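Below: the structure, in structure tokens.
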Amino acid sequence: VHSRGKALAKDVDFEKIARRTPGFTGADLQNLMNEAAILAARRDLKEISKDEISDALERIIAGPEKKNAVVSDEKKKLVAYH
């Protein structure tokens with residue numbers, strides 16, 4: 001349902017996606033497919049592949065990658081003690 005209207009590569013396996021997304025709601029799955037479509041567009045791809053879905057899932061679960069995060073000395077100390 002949530003992939004309807006999106007061009008998918010042949011390597012997309014919905015059973016594997018289902019196993020990797022336990023507890024996801026319909027809205028979560030819609031978000032996953034939308035994120036995967038955005039990644040595919042950024043990569044100039046015509047289809048969403050398993051790689052875009054995997055990367056989108058990681059982004060949803062862990063949040064966006066922080067490339068230039070500056071961590072203060074105070075925060076480093078706090079994390080070290082934690």
Apart from one, (1) loosely packed, with under 13 Cβ neighbours inside 10 Å; (2) in contact with a Ser or Thr (Cβ under 8 Å, 6 or more places away or on another chain); (3) not hydroxyl-bearing (Ser, Thr, Tyr) all hold for LEU57; the odd one out is (1)
With criteria (1) of a type outside the set (Lys, Arg); (2) at pLDDT 95 or above; (3) crowded, with 16+ Cβ neighbours inside 10 Å, GLU47 comes up short on (3)
So, SER54, is that one at pLDDT 95 or above and on the phi < 0 side of the Ramachandran plot or not? yes
Can you find even one residue in region 32-40 that is of a type outside the set (A, V, I, L, M, F, W, C) and in contact (Cβ under 8 Å) with a residue 24 or more places away in the chain? yes
Quick check on region 60-75. Is at least one of its residues of a type in the set (S, T, N, Q) and under 18 Å from SER3 (Cβ atoms)? no
Select from region 58-82 the residues that are of a type in the set (Asp, Glu) and at pLDDT 80 or above and write down the one among them that is nearest to LEU32 (Cα to Cα). GLU58
Pairs needed: first member in region 52-81, closer than 16 Å to PHE24 by Cβ and in contact (Cβ under 8 Å) with a residue 24 or more places away in the chain; second member anywhere, in a loop (DSSP other than H, G, I, E, B) and of a type in the set (A, V, I, L, M); C-beta distance under 7 Å; at least 6 residues apart or different chains. ILE53/VAL12
Here is a check on your reading of the model: is ILE17 surrounded by 13 or more Cβ atoms within 10 Å (Cβ to Cβ) and not basic (Lys, Arg)? yes
Residue check: is LEU57 touching a Leu at 6+ places or on another chain (Cβ under 7 Å) and of a type outside the set (Phe, Trp, Tyr)? yes
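The values are calculated or read from the model by the stated rules, or taken from the named source; none is laboratory data. None of these values were measured; they are calculated from a predicted model. No Cβ is skipped: glycine too gets one built from the backbone with ideal geometry, and neighbour counts run over all protein chains shown.
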